[in-house]
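Worksheet: the structure to be examined is printed underneath.
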Amino acid sequence: MTTDCLFCTLYREGDHVAVTDGFVAIRDINPQAPTHLLVLPERHVDSFREIGEFPPEEAKRMLDFVADVAAREGLTDYRVVVNVGPSAGQTVFHLHWHVIGGWS
Ligand code: AMP
Ligand code: ZN
């Protein structure tokens, strides 16, 4: 846990759309589509570059949760996006998975 990290704070205190052990989903404050969720791990790593810090079982559960969250939102077609680094559009330096969809 990192006290000055926005997503560590939202992990603890945010309005969660879905929760499982070690992971939550929140709604993006600035949605880019009718449905735009963010999946956040409790474990703080700055970006996807540090994915190797996740034990394999935890990384698998994180991906399963991303798929679960999309299914629970009724999404069949959707995009899963991870921006890695500022030049790629990363603005919050706590790993998160965008789940974007809901187009008719
Ligand atoms: P990225 O640009 O890939 O780092 O994604 C960060 C995302 O966090 C952006 O889509 C923002 O709209 C979103 N965001 C920033 N602050 C909040 C917040 N307080 N609650 C929910 N989403 C946020
Ligand atoms: Zn954090």
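Per-structure values
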item: Pairwise centroid distance, computed over Cα atoms, of region 52-74 with region 1-42, Å; result: 14 Å
item: HN-Hα J in Hz across region 11-17 - Karplus 6.51, -1.76, 1.60, θ = phi - 60°, x for Gly and Pro; result: 4, 7, 10, x, 8, 8, 7
item: Mean ellipticity per residue at 222 nm, deg cm²/dmol - from DSSP H runs of n ≥ 4 across the chain, formula -39500 (n - 2.57); result: -7500 deg cm²/dmol
item: Accessible area of region 47-104 divided out per residue, in Å², using a probe of 1.4 angstrom; result: 58 Å²
item: With every protein chain in place, the chain: carbon and sulfur % of accessible area (1.4 Å); result: 51 percent
item: Computed lengthening from Ala67 to Trp103, 0.36 nm per intervening residue step minus Cα-Cα distance; result: 11.2 nm
item: Sequence-distant residues sharing a close amide H with Ser47 (under 5 Å, placed H); result: Leu95
item: Region 6-101 - percent relative contact order, Cα under 8 Å, separation 6 or more; result: 33 percent
item: Sequence-distant residues sharing a close amide H with Ala18 (under 5 Å, placed H); result: Ala25
item: Cβ-defined net charge surrounding Asp64, 13 Å radius [Lys, Arg +1; Asp, Glu -1]; result: -1
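The values are calculated or read from the model by the stated rules, or taken from the named source; none is laboratory data. Nothing here was measured: the structure is a model prediction, and the numbers come from that model. For neighbour counting, all protein chains shown are included, and Cβ atoms are generated from backbone atoms with ideal geometry for every residue, glycine included. Remember, those area values only see protein heavy atoms, side chains included, never the ligands or the DNA or RNA. Shrake-Rupley method; radii C 1.70, N 1.55, O 1.52, S 1.80 Å.
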